[in-house]
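Structure first, then comments.
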Amino acid sequence: MIAVRKGKTKILIDLSKCGPDGDIDPRNCTKCLKQCDRPVFHLHHVIVDGDDSWDPSYWQVTPVYISQCTRCMRCIDVCPVNAISVSW
Amino acid sequence: MCEWCLKHGDGGKWYFNARNYQKELAEETNAVEHLNDILKVFDRSGVTPVYGMKFAGSGYKLQTPIVGRVVKRIINRVLHNEGPKRKHIGVDGHFGQVLPIEDASYIIENLATEPLTLNYCVCRYMCRGEKDARCLIFGVHSEIVDKIPRYIPENVKRPMDREEATRMLESFSEQGLVSTVWFHPVPFISAICSCENPDCMGIRMRHDYDIGLLYKAEYVIQFNPDLCEGLRACVSACQFGALSFSPTKDMVNVDLDKCYGCGNCRNACQHNALTLVPRNDIKQVAGRY
Ligand code: SF4
Ligand code: SF4
Ligand code: SF4
Ligand code: SF4
């Protein structure tokens, strides 16, 4: 088991840069997903009215396992649009 | 035998009970409806609130002793829910167990209902954005996934016959992946996956947060120190960190509490120092899945 860190880590993704409304579709990038050892992030679709529910077209990245972040900052270095911030 | 064997094993292991694969049971458990609802949003399972609880970011809670225990108990109840009112959101009634390649091959050769198809792994896509064809699914499950383009691999024969599917599974095991068999929904069995730590959600939940989404195998590793030559090849074969190398003893140390009983380390050992034995024969880990 991974030890709890004192003080919580905060990870935010700027959806205006990466996501359904952003410049980048995360499905074409996936750099943060691959770079993070744990991995902390999840790639998932967003449910949007009128979208094909069997083949959705809106995707985004969400930090899910935030408590496992080692604060290595590699995701920040690798993100082409600076969409990620990690703080504590 | 674990609690699932007692409930759904008909006297044996749950995943060797032929009834758990059959169409009649799929109908009884509403498997089609369940799979239709769940598979559409499966890659959202890490971010969907289940009964008001959201997994995203709740890791801190799970890791604090008292709060964590309560939350885990609630989540386990949801996962193991067999009631008629279970909702088809999140992962209700979705449960799996690690199994050695021999057992996995036996299921594909004898028990799994056709059509058998190989599909892109949802977990790896969620965690790594990587499309990797690793999940063997059977029967009605295959028919539903046929509707979901993002799970259907290119250049893979669809459906496969039993022999091809078994060979696939064996090659995954040789690559070091861990076979797991899944209720979907309990007690209907519809998938054998080839997973790794930490890219598999099931392994992750169990290994990092001790949530009962995945049980350890019915087996555990037995180490024969007389045969170990200290080559350490097995150490890197274990996905769960159960093996380590001791330079002082010039042989391997085994942590039985960490062993999931997948048997992959056996492939790496040239001296047959590692064998699988039934979990319940070893007092230290008996009944601890
Ligand atoms: S800082 Fe490191 S550990 Fe944390 S999310 Fe980014 S890559 Fe992962
Ligand atoms: S690295 Fe940045 S742009 Fe690429 S998927 Fe991650 S958040 Fe999006
Ligand atoms: S259970 Fe394993 S093989 Fe199946 S989807 Fe998850 S990681 Fe992939
Ligand atoms: S010690 Fe061997 S059998 Fe046990 S989890 Fe590791 S690889 Fe699998």
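What the Kirkwood sum gives for chain A is a hydrodynamic radius of 13.7 Å, with every pair of different alpha carbons counted.
Which residues does a label at residue B:244 reach in the stretch B:253-267, if reach means a backbone N under 11 Å from a point 7 Å past the Cα toward the Cβ? Correct set: B:253-255. Summed over qualifying helices (DSSP H, 4 residues or more, each -39500 (n - 2.57)) and divided by its residue number, the protein assembly as shown shows a 222 nm mean residue ellipticity of -7000 deg cm²/dmol.
Could you tell me the calculated FRET efficiency between residue B:222 and residue B:10, based on Cβ-Cβ distance and R0 = 25 angstrom, to the nearest 0.05? Don't jump to the answer; show the numbers that get you there.
Details: r = 28 Å, r/R0 = 1.12.
Calculated value: 0.35.
Of the residues B:233, A:18, B:97, the one whose Cα sits farthest toward the positive end of the charge dipole of the protein assembly as shown, with +1 on the Cβ of Lys and Arg and -1 on the Cβ of Asp and Glu, is A:18.
Counted residue by residue at 0.36 nm each, then reduced by the alpha carbon distance between them, the extension gain from residue B:131 to residue B:1 reaches 43.3 nm.
Compared with the dominant Cα axis of chain B, that is its longest principal axis, helix B:31-40 is turned about 80°. Averaging over all projection directions, the Cα-based convex hull of chain B occupies 15.5 nm² in the image plane. Histogrammed with a bin width of 5 Å, the alpha carbon distances of the stretch B:219-285 distribute as 4, 20, 32, 26, 15, 3, 0 percent, first bin at zero.
Residue separation times 0.36 nm, minus the C-alpha to C-alpha distance between residue B:37 and residue B:161: what's the value?
Separation in residues times 0.36 nm, less the Cα-Cα distance, equals 41.9 nm.
For chain B, the relative contact order comes to 19 percent (Cα pairs under 8 Å, sequence separation of at least 6).
Pairs to check: A:8/B:72; A:10/B:7; B:40/B:216; A:34/B:216. Give those whose C-alpha atoms are more than 32 Å from each other in this structure. Too far apart for the 32 Å limit: A:10/B:7. What does a probe at residue B:106 reach in the stretch B:1-43, counting residues whose amide N is under 20 Å from the point 7 Å along Cα→Cβ? Correct set: B:1-22. Between residue A:82 and residue A:17, the distance separating the two model label sites (each 7 Å from Cα on the Cα→Cβ line) works out to 0.6 nm. Listed by chain and number, the aspartates and glutamates whose alpha-carbon sits under 16 Å from that of residue B:157, ignoring those within fewer than 8 places in the same chain, are B:114, B:132, B:143, B:146. With the simple model of a label 7 Å out from the Cα in the direction of the Cβ, residue A:57 to residue B:70 spans 4.6 nm. Against chain B, whose longest principal axis is taken from its Cα atoms, helix B:162-174 shows a tilt of about 50°. Our estimate of slack between residue B:272 and residue B:231, defined as 0.36 nm per intervening residue step minus the Cα-Cα distance, is 13.6 nm.
Taking only the alpha carbons of the protein assembly as shown, we obtain Rg and Dmax values of 20.7, 66 Å in that order.
For chain A, the Cys residues with no second cysteine's beta carbon closer than 4.7 Å are A:18, A:29, A:36, A:69, A:72, A:79.
Rule-based calculations on the coordinates, nothing more; no lab input. Since the model is a prediction, treat every value here as computed from it, not as a measurement. In this analysis, Cβ positions are derived from the backbone assuming ideal geometry, glycine residues included, and neighbour counts consider all displayed protein chains.
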